[in-house]
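What follows is a single structure, written as structure tokens, with notes after it.
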Amino acid sequence: MDTEVLVLKDPEDPEIIDKAAKVIARGGLVAFPTETVYGLGANGLDERAVAKIYEAKGRPNDNPMILHVSSLEMCERLVKNIPKEAKDCMDMFWPGPLTMIFEKKDLIPDRVSAGLPTVAIRMPSDRFARGMIAKADLPVAAPSANTSGRPSPTKASHVLEDMAGKIDLIIDGGSTEVGIESTVLDMTVKPPMLLRPGGVTLEDLKALLKDVDVDPSLLGGEPKEVLHPKSPGQKYKHYAPKADCLLFGGNLKNIAKEVDRRIRENPDKKIAVLATEETMDFYQEKPYLLLNMGSRDHLEEVAHNIFDDLRHCDEEEVDLIFVEGFDFQGMGQGIMNRLLKACGGKVVLGL
Ligand code: AMP
Ligand code: MG
């Protein structure tokens, strides 16, 4: 299949919105920008269209998808009941990077929910995404537009790497703003439970809702065999670059010393170090690649860059990646969730 790429200069370009909406309506696949990462979209009410997403991504069948809506009215058409806490979250965070889980109505194919009685819904703030969904007048099922297991795409070039020849259309809207996926909050339990940290932080949620539980599998990085995540997607190796990746936690100067030591120990390896604005000068040895993920005082910057940095390491075909860790606070929680998965849980802590 030929994959067409259209460059978006104006997020409300009516011709491109119309074209993308038509591909969705006829059961095709469109990769499109959202404020979190690029999504791979299909008509969320069309079982066969949704099956094509699983195929293009190589996504495990038991990993359900998020339905993206352009209005509250569209959301009401899809779910049985919207609790008061969810309404408050919609007022506060929609449109935006918050996905909520509801009891689903029967019109949603089992393929979307992977057989669960619930469905995940989000209203993106990206103007193109919302325009396309509104024009198609259909909920758009859209996981991240990467091959399953690889780092999520934050630029159209990332999508092209993984999806060229497999999908109908890629909308190139530049690099995405947030850079990590949406927060997932389960509204079918009381109190609501955080299943995946993301663009809306736990602190943001706690400031609005009286109580928020956190899926125990998100805490403490226990082996996944012991704690079963409630969000099926969280159990898979994810966001992983091709190289072996190791995460370091502790005092930042000690991390740099330990990384320096490991660089000296591995003279024949191509090594990448993912550092931060504040620590770039701490490293004495010169690795093959030294990347600045952003400032520790502006973790949004780090979130914006991490997937691009991991893909950069793949492009350079490095053998080993050493990454600095962050505190599990604010955006740090979402960043650490992605980095731990990228490293397959391999960490050196307490430095
Ligand atoms: P993504 O592939 O980034 O779109 O991920 C969507 C995330 O939402 C995955 O971790 C899914 O497992 C999770 N998810 C989707 N639907 C549900 C659901 N009904 N219940 C729990 N988690 C869900
Ligand atoms: Mg994904």
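The values are calculated or read from the model by the stated rules, or taken from the named source; none is laboratory data. A quick note: this is a predicted structure, and the numbers were derived from the prediction, not measured. Here the Cβ positions follow ideal geometry from the backbone for every residue, glycine too, while neighbour counts run over all protein chains shown. Accessible surface areas use protein heavy atoms only, side chains included; no ligands, DNA or RNA. Shrake-Rupley method; radii C 1.70, N 1.55, O 1.52, S 1.80 Å.
Given 20 °C and 1.002 mPa s, how large is the Stokes-Einstein diffusion coefficient of segment 8-86 in µm²/s, with Rh as the Kirkwood radius over Cα pairs? Numbers along the way, then the final one.
Numbers: Rh = 14.3 Å.
The Stokes-Einstein estimate is 150 µm²/s.
Mind giving me the nanometre distance, one decimal, between the label points for Asn81 and Gln329, set 7 Å out from Cα along Cα→Cβ?
The two pseudo-label positions are separated by 3.8 nm.
Considering amide H positions built from the backbone, and no H for Pro or chain starts, which residues 5 or more places from Leu351, or on another chain, come under 5 Å of its amide H?
Answer set, sorted by chain and number: Gly249, Gly250, Asn251.
List the pair-distance distribution P(r) of segment 49-154, using every Cα-Cα distance, as the percent of pairs falling in each 10 Å bin from 0 up to the bin containing the longest distance, rounded to whole percents.
With 10 Å bins starting at 0, P(r) equals 14, 46, 34, 5.
Specify the angular offset, from 0 to 90 degrees and rounded to the nearest 10, of the alpha carbon long axis of helix 14-25 from the longest principal axis of the alpha carbons in the chain.
The helix 14-25 is inclined about 80 degrees to the chain.
If you count only protein heavy atoms and use a 1.4 Å probe, how large is the accessible surface of Phe282, to the nearest 10 Å²?
Here the accessible area works out near 60 Å².
Calculated from DSSP H runs of 4 or more alone, at -39500 (n - 2.57) each and per residue, what is the 222 nm mean residue ellipticity of the chain, nearest 500? Please list the in-between numbers first.
On the way: 11 runs with 112 residues, N = 351.
Taken over the chain, the calculation gives -9500 deg cm²/dmol.
With 20 Å as the cut-off, how large is the P(r) tail for segment 249-307, expressed as percent of Cα-Cα pairs? Walk me through the intermediate numbers first.
Details: 435 of 1711 pairs.
Tail of P(r) above 20 Å: 25 percent of Cα pairs.
Whole number please: convex hull volume per residue of the Cα set in segment 130-184, in Å³?
Working: hull volume 6.2 nm³, N = 55.
So the per-residue hull volume is 112 Å³.
Give me the accessible area per residue for the chain, probe 1.4 Å, as a whole number in Å². Display every interim value, and only then the final one.
Details: 15090 Å² over 351 residues.
That works out to 43 Å² for each residue.
Run the 1.4 Å probe and let me know the accessible area of Asp204, rounded to the nearest 10 Å².
Around 60 Å² of this residue is reachable by solvent.
Bin by bin, in steps of 10 Å, what percent of the Cα pairs in segment 232-351 do you find, going until the bin that has the longest distance?
Bin by bin from 0 Å, the calculated values are 14, 50, 32, 4, 0.
Alpha carbon centre of segment 233-311 versus segment 164-178: separation in Å?
Rounded to whole Å, the Cα centres lie 27 Å apart.
For the chain, just run the numbers: alpha carbon Rg, then divide by 2.2 N^0.38 Å, N being how many residues it has.
Numbers: Rg = 20.0 Å, N = 351, 2.2 N^0.38 = 20.4 Å.
This ratio for the chain stands at 0.98.
Can you tell me the 0 to 90 degree angle between the C-alpha axis of helix 331-342 and the longest principal axis of the chain, rounded to 10?
The helix 331-342 is inclined about 80 degrees to the chain.
Using the Karplus curve 6.51 cos²θ - 1.76 cosθ + 1.60 with θ = phi - 60°, work out ³J(HN,Hα) for each residue of segment 145-153 in order, rounded to whole Hz, and write x for Gly and Pro.
In residue order, the calculated couplings are 8, 10, 5, 3, x, 7, x, 5, x Hz.
Helix 47-57 against the longest principal axis of the chain: what's the angle in degrees, Cα atoms only, rounded to the nearest 10?
10
For Val5, enumerate residues with amide H under 5 Å from its amide H, sequence gap 5+ or separate chain, H modeled in the peptide plane.
Excluding prolines and chain starts, which carry no amide H, the hits are Ile170.
I need the calculated FRET efficiency for the pair Glu47 and Ser71, taking r as the beta carbon distance and R₀ as 41 Å, to the nearest 0.05.
Numbers: r = 23 Å, r/R0 = 0.57.
Efficiency for this residue pair is about 0.95.
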